[in-house]
Amino acid sequence: MKPAAFRYHAPKTVDEAVTLLAELAPEDGRVLAGGQSLVPTMAFRLAKPGHLVDINGIAALDRLEVSGEKLVIGACVRHAAFHRPVCDGPLGKLLADVVRHIAHYPIRNRGTFCGSLAHADPASEWALVLAALDGEIVARSARGERVIAARDFFQGIMTTALADDELLVEARLRLPAAGTRCGFYEFNRRAGDFAMAAAVGTYRLDGDKMIEPRVALGGVEPNPRRLAAAEKVLAGAAPSDTAFRAAANAAAAAVDPMEDTTTSAEFRRDLVLAVTRRALERAAA
């Protein structure tokens, strides 16, 4: 099929874009960045926006740099930018590991980091990373700018705190402390498919004990989130198979898994046991 008719707009600055959104949002105006989620839904006429605001010509949104203690990722930065570490230390390595699991190479060359956040698919790898690292997004509209924490941004399946007239300008990830160990693991039926469950595990060592542990899950519930119960199990323990299995059990007990036509809640709960333990094992490797 072909998309329904729409009007195309190509602003050259962020101010132009938010001015257009203020005018066009009531007419179902949508932002076009990578288009890897929006365009297919338009082709099937599951989405029929009256206007597309194409932000690809806004040079300021290509920003990808370390500023202070945070990595700043502009709205037009492609997945492919992370194929090699974009910053020194554990964060650059984690992002380079995660990106290999996102869809397929042609999609990574066009799709964007921030577009994945705005789409808010429960299986989004970048949404999981944002939640795991307590990242934040910057939203701008004609009314001004606001910063939204990851825990407040995701509000359900493909639902976020963004208002219709707001543009997600950038995402920010705080640089983990030196020595932080990070691991990622996801399960899907075929390479490139959406994750049925995915986990990020991080911690630092103080002697032979884990400190500042983080365990986050995606693809399991409507929103990615950290699992405090699993983190509590790890805090102060030595990294070991016993500790990692105990954390996985705590995570599995704490989640309320989604169900769909092919995957039961109990199967997803079993996947939590596997992906959590394996993410922590990779952090330790």
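The values are calculated or read from the model by the stated rules, or taken from the named source; none is laboratory data. Computed from a prediction, not measured in an experiment: that's the story for all the values here. Neighbour counts are summed over all protein chains in view; Cβ atoms, including those assigned to glycine, are modelled from backbone coordinates with ideal geometry.
Remarks
- Scoring T262 on the criteria (1) assigned to a loop (DSSP other than H, G, I, E, B); (2) under 22 Å from the mean Cα position of the chain (by Cα) leaves a single failure, condition (2).
- Filtering R245, R277, R282, R269 for residues that are surrounded by 19 or more Cβ atoms within 10 Å (Cβ to Cβ) and on the phi < 0 side of the Ramachandran plot leaves a single hit, R277.
- Test for P11: is it buried (at least 20 other Cβ atoms within 10 Å of the Cβ) and not in a helix (DSSP H, G or I): no
- Boolean, R45 is in a loop (DSSP other than H, G, I, E, B) and basic (K, R): yes
- Residue count for the stretch 120-157, restricted to those that are surrounded by fewer than 20 Cβ atoms within 10 Å (Cβ to Cβ), on the phi > 0 side of the Ramachandran plot and either of a type outside the set (G, A, S) or touching a strand residue (DSSP E or B) at 6+ places or on another chain (Cβ under 6 Å) (or both): 1.
- The condition of being over 16 Å from G183 (Cβ atoms), outside the structural domain of L95 (by TED's automatic domain parsing), in a helix (DSSP H, G or I) and of a type in the set (F, W, Y) holds for only one of F267, F244, that being F267.
- Unique match (being farther than 30 Å from A33 by Cβ, charged (D, E, K, R) and surrounded by 15 or more Cβ atoms within 10 Å (Cβ to Cβ)) among R214, R225, R181, R172: R181
- Those residues of the stretch 101-127 which are touching a Lys or Arg at 6+ places or on another chain (Cβ under 9 Å) and not β-branched (V, I, T), in sequence order: R108, N109, R110, G111, F113
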